[in-house]
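The structure appears right after this line, and notes come after that.
Laboratory data are not the source of any read-out in this text; all were calculated from the coordinates shown. Since this is a predicted model, take the numbers as computed values, not measurements. Here the Cβ is made from the backbone with ideal geometry for all residues, glycine too, and neighbour counts use every protein chain on show.
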């Protein structure tokens, strides 16, 4: 006589299956994620390889000094035929943006090709194999210290026949609004847009310009000093101390280590700006008879 599962036995089977699912599903998900990440890294290697092929066909556009950098876009690699048109991110199957950047750097007499995975905003410019080539001198991100001179690094361009094009147009924008020039007196981010037209076709490339402050204040303190115990009580440790910053902001100097006990002491002076760039200097106060 055949007997079916009892309710208790059925519940037991379901519990076991649930436990197995709890164990295996995360493992499967992790495996799928890792596999997509490997495919993505392979995609980046393919892009770097395409940039290398492009570079050796356009050797005249590459940097010639050690440390020199130029930047190309995925669109340029596509238009040259070195990269397929349908380049997707395997992690989400979305097209990689045409304005994703690849830097080409000359290091120790060899070119290094680096794909900036954080670059690229949208798929804007349309593919056209007859469009002129335009690349950036330097990186697509340029950092400029506050209140320093902005150095326009420019771009290079040539038509499909290899003729050098010099009439590159450069415009600057702040938050999408065109401006006349880059103002380095404020902490802002700008966009430089370079465009060139040849044979009725226009190509463009952009650079992000970030005004920042990574320079600590200039702190000046007097030399070490010798004092008597009597002179210590009236001594002002801030006399002759000054601090200025490249941002132009007022800087307050903080001190530590001073007391009126008649013993030798080391005074520590610290000056920080609003961007938390700090400098510290020390000064000896020696007590004499």
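Using a simple spin-label model with pseudo-atoms 7 Å out from Cα toward Cβ, residue 110 and residue 208 lie 3.0 nm apart. Most simply put, region 38-212 has about 90% antiparallel DSSP beta bridges, counting only bridges with both residues inside it. For region 72-223, just say rounded, prolate or oblate: build the C-alpha gyration tensor, square-root its eigenvalues into a ≥ b ≥ c, call rounded for a/c under 1.5, and beyond that prolate if a/b exceeds b/c, oblate if not. Judged from the Cα gyration tensor, region 72-223 comes out prolate (a/c at least 1.5, a/b above b/c). Structural descriptor for region 23-121: relative contact order 28 percent, calculated from alpha carbon pairs under 8 angstrom and at least 6 residues apart. Here region 218-288 has an Rg and Dmax of 13.4, 41 Å, counting Cα atoms alone. Short-range pairs are left out: with C-alpha atoms under 8 Å and at least six residues apart, the relative contact order of region 38-212 is 19 percent. Using only Cα atoms and rounding to the nearest 10 degrees, what angle (0 to 90) does helix 7-57 make with the longest principal axis of the chain? Compared with the principal axis, the helix lies near 80 degrees. Taking the number of Cβ atoms within 10 Å of each Cβ as an exposure proxy, the fewest-first ranking of 69, 144 is 144, 69.
Given the C-alpha centroids of region 242-283 and region 168-208, what is the distance between them in whole angstrom? Cα centres, region 242-283 to region 168-208: 41 Å. Once Rg and Dmax of the Cα atoms in Å is calculated for the structure shown, the corresponding label among (i) 28.9, 92; (ii) 31.1, 113; (iii) 20.2, 65 turns out to be (ii). Highest mean packing first, where packing is the average number of other Cβ atoms within 10 Å per residue, the peptides 71-80, 198-207 line up as 71-80, 198-207. Taken over region 144-270, the ratio of Cα radius of gyration to 2.2 N^0.38 Å equals 1.90. Scaling against 2.2 N^0.38 Å puts the C-alpha radius of gyration of region 103-171 at 1.35. Reducing region 47-80 and region 97-114 to their Cα centroids gives an inter-centroid distance of 7 Å.
The value obtained for region 66-143, namely the Cα convex hull volume divided by the number of residues, is 115 Å³ per residue. In percent, rounded to a whole number, the relative contact order of region 218-288 is 38, using alpha-carbon pairs under 8 Å and six or more apart.
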